[in-house]
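Written below as structure tokens is the structure these notes are about.
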Amino acid sequence: MARQQPTPAPQQASEQQARWVNCPQCGGRSLYSSANRFRPFCGERCKQIDLGAWASEEFRMPTEAPPDDAAFGDPRLLP
């Protein structure tokens, strides 16, 4: 499916230097400028996919599970 690339309006292009970056979701080209309301994504679909990944907690910091015999909870509150 071909995507249409947003084109900056003439007054916006002169305000700041627009640049092309890779979309963090699909890797396609994305205009990083105020003219692209989905930046840094290439479009609404990629933005929604990324939002869904955050909402379903697919992006997490890796942690080690506590040992089975360790008490759970805040160690400052345990006796």
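A short reminder: the numbers here are calculations on the coordinates, not readings from a lab. What you see is a predicted model; the values in this text were computed from it and never measured. Cβ placement follows ideal geometry from the backbone for every residue including glycine, while neighbour counts extend to all protein chains displayed.
For this structure, a couple of remarks:
- Maximal additional length on extending the TYR32-ARG76 stretch stands at 11.3 nm, based on 0.36 nm per residue less the C-alpha distance.
- In nm, spacing of pseudo-spin labels at SER56 and TRP20 (7 Å Cα→C-beta vector): 3.1 nm
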